[in-house]
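Structure, as structure tokens:
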Amino acid sequence: MGVVAVFAVVLGFAAFSGSPEPGRDPASIAAGEVAPAAGELPLSNTYTTVDGAPQDSAAASKTNGLVVHPIRETPVHDAPNGRAIARMESKQIGDTWLPVIAEESGWVQVLLPSKPNGSTGWVRSADVERAQTPYVIAVHLKSMRLELRRDDKVVGQWTVGIGKESAPTPTGRTFLLGAFSDSKQKYSPVILPLGAHSPTHDTFGGGPGTVAIHTWPTSDVYGTATSDGCIRVPPDALDQLSEVPLGTLVMIDED
Amino acid sequence: MNTKKLAGAGAAIGAVTAVTALLLGTTAAVAQETASDSAFGLSASGLLKIDPISYVESPDGKHVEKQLLGIGDVLGPHEGDIAFGVLTAEAQGGASETAVTELNLLQLLRADLVRTYCNDGDGGLQIVKGSILGHDLPETPVPSQTLDLSPLLKLTLNDQVRHEDGSLTVTGIELTVLPGGDQNPDRVLTSEERKALPQLADLLGTDPTAGANTVGDVVTGVTGKLGIQVDPSKPLQTITIGSATCSASNGNGDAKSDGNNGNGDGNGNGDNNGDNSGANATAGDTGPVATAPKPQVLNASLPVTG
């Protein structure tokens, strides 16, 4: 059989296979490039908006440190046994870890990484691995201070830079979503994205306006409100914060 | 001597599809968001599209089973490209399973047995003597384990998806050729990836990858050789071995954890629910909770607000 004939078979299949299935490739969705098909639940990640997600009703309360990792792709519901509003994947920026803010038999309520800020959802307990983080990160906007607490004791505190008036750092309860190095962003060797988004930048630099903790090349930014929403911390703070488990609460207040 | 193995597989798979259509008639669509208990042994999507082979479904809970013996006879000269001994799929109320024996996929992936199972909202994968490109495969992979073998081949084992109604789909093995999507075309190949290139060249029956320095070079070489336009965000070809979907008796898919923890009664933690707005971390669950792991710093590109 000639090579040409064999390739004809391959190309014949290509021609008859029709258009590719829309929205089925997780990598594309994760990169924010492909919208879900009609009737399909959106993923909940830093690129997406999930409609109908219950708002966090206790944004100033800390939890007892329970964090969960979805061990399989699982639907996010608006209540235990309620309506499905999104899908959660086991990996986003590395492994997905989410803080638990409430629990009922067979279900945990978690903070979501998707828009809008303060979104929560319920996932099945059977679909998550549980772990405990001893840490809480507290960010006080007025005093521009960041505290790292371990078992309720302050183990580090720094003066930090926060969002400017026109692009403020959002308040409320969010969490460490990931830890990555980005060769295209030279200002910080490690960037720690949070589950929150800028309230004023719907997109920023080609991204979805994700707020992050990272350092900055010059120290004059600490103690100023000059960022576009991110929290700029000194290098030694970043070193310590990079060791803190994903899913750890980041509590941002006006104080 | 190299043969046109990928193209050969295309013809072979085409033959499989035709034969299967004759054997099974119209192949049923795979229900994605229902609790119908179902299973199938083999399917493919992308450049080559194969509807699920040996698809069974039990809409009424009754046991159904299909078995397909080796199809080497009909593959002629392409017998070596895709082969298996016996392919079975069965389903009944709350359970489904599929098994493929003596699997040999494109001379790349071999296993004595690939068994994909699902039972009352829980499930998994068993592989006996499995290997790909000389790497042994784990016998009972944890859910959603991914092996990136090169920029060009990706293997996902025991991928699990929970559906809205609590039913579960377990996908046994998914082999992706040119996974696409998250690849940075400018990334320079690692030495391990370079080592894998000859196998890809062998697979394609040519060497489009000679002198390739980056992921983009390889993709361009391969797609150029095939003479097709490929959407770089989508896999060129996906082949699935084993899929099992089953419903959960209580709709929550948590039969397993219920059995382990009795919903927290008797451990002294279960009655604290609701006394504050935060989480009761361990209330109602499986005893001591591990300390959360330190994060791994990954290479990624996500523009943040600066």
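Read-outs throughout are calculated quantities, based only on the coordinates presented, and are distinct from any laboratory measurement. In this text the structure is predicted, and so the values were computed from the model without any measurement. Positions of Cβ are generated from backbone atoms using ideal geometry, with glycine treated the same way; all protein chains shown enter the neighbour counts.
Working from label points 7 Å from Cα in the Cα-to-Cβ sense, the A:Ser57 to B:Glu139 distance is 4.9 nm.
With 23 Å as the limit, write out which pairs from A:Lys184/B:Lys154; A:Lys91/A:Lys164; B:Lys66/B:Lys154; B:Lys129/B:Lys154; A:Lys164/B:Lys294; A:Lys62/A:Lys115 have Cα-Cα distances beyond it, or answer none.
Values: A:Lys184/B:Lys154 26 Å; A:Lys91/A:Lys164 32 Å; B:Lys66/B:Lys154 29 Å; B:Lys129/B:Lys154 19 Å; A:Lys164/B:Lys294 31 Å; A:Lys62/A:Lys115 21 Å.
Distance filter (> 23 Å) returns A:Lys184/B:Lys154; A:Lys91/A:Lys164; B:Lys66/B:Lys154; A:Lys164/B:Lys294.
Charge tally around B:Ala39: other residues with Cβ under 13 Å, Lys/Arg +1 each, Asp/Glu -1 each, net -3. Length gained on full extension, A:Asp202 to A:Glu147: 17.0 nm, using 0.36 nm per residue less the C-alpha separation. Karplus-derived 3J(HN,Hα) values for segment B:237-242, using 6.51 cos²θ - 1.76 cosθ + 1.60 with θ = phi - 60°, are 8, 10, 10, 10, 10, x Hz; glycine and proline are entered as x. With each label modelled as a point 7 angstrom along the Cα→C-beta vector, the B:Asp148-B:Ser249 pair spans 4.2 nm. Across peptide B:134-147, the average count of Cβ atoms from other chains found within 10 Å of a residue's Cβ is 1.
So if we plug the beta-carbon distance of B:Leu69 and A:Glu129 into 1/(1 + (r/R0)^6) with R0 = 35 Å, what FRET efficiency do we get, rounded to 0.05? Walk me through the numbers on the way to the answer.
On the way: r = 41 Å, r/R0 = 1.16.
For B:Leu69 and A:Glu129, the calculated efficiency is 0.30.
Counting every other Cβ atom within 10 Å of each residue's Cβ, A:Arg145, A:Arg232 order from fewest to most as A:Arg145, A:Arg232.
Computed from backbone phi, the HN-Hα couplings of segment B:298-306 come to 9, 8, 7, 10, 9, x, 9, 7, x Hz, rounded to whole numbers (Karplus: 6.51 cos²θ - 1.76 cosθ + 1.60, θ = phi - 60°; Gly and Pro given as x).
Where does the charge balance sit around B:Asp136 when Lys and Arg score +1, Asp and Glu -1, over other residues with C-beta under 13 Å from its C-beta?
Numbers: positive: B:Arg110, B:Lys129; negative: B:Asp112, B:Glu139.
Local net charge: 0.
Full extension of the chain between A:Lys184 and A:Thr218 gives 10.4 nm of extra length, using 0.36 nm per residue less the Cα-Cα distance. Between A:Gln240 and A:Ser105, the distance separating the two model label sites (each 7 Å from Cα on the Cα→Cβ line) works out to 4.4 nm.
List B:Thr291, A:Thr49, A:Thr174 from most exposed to least, where exposure is judged by having the fewest other Cβ atoms within 10 Å. The partial results should precede the final answer.
On the way: B:Thr291 11, A:Thr49 15, A:Thr174 26.
Taking fewest neighbouring Cβ atoms as first place, the list is B:Thr291, A:Thr49, A:Thr174.
List B:Val218, A:Val110, B:Val128, B:Val170 from most exposed to least, where exposure is judged by having the fewest other Cβ atoms within 10 Å.
By the 10 Å Cβ count, ascending, the order reads B:Val128, B:Val218, B:Val170, A:Val110.
With K and R counted +1 and D and E -1, the other residues having a Cβ less than 13 Å from that of A:Val233 yield a net charge of -1.
Evaluate the charge dipole of segment A:40-132 about its Cα centre and quote only its size in Debye, nearest 20, assuming +1 on the Cβ of each Lys and Arg and -1 on the Cβ of each Asp and Glu. Write out the running numbers ahead of the final one.
On the way: 8 positive and 11 negative charges, 22 e Å.
About 100 debye.
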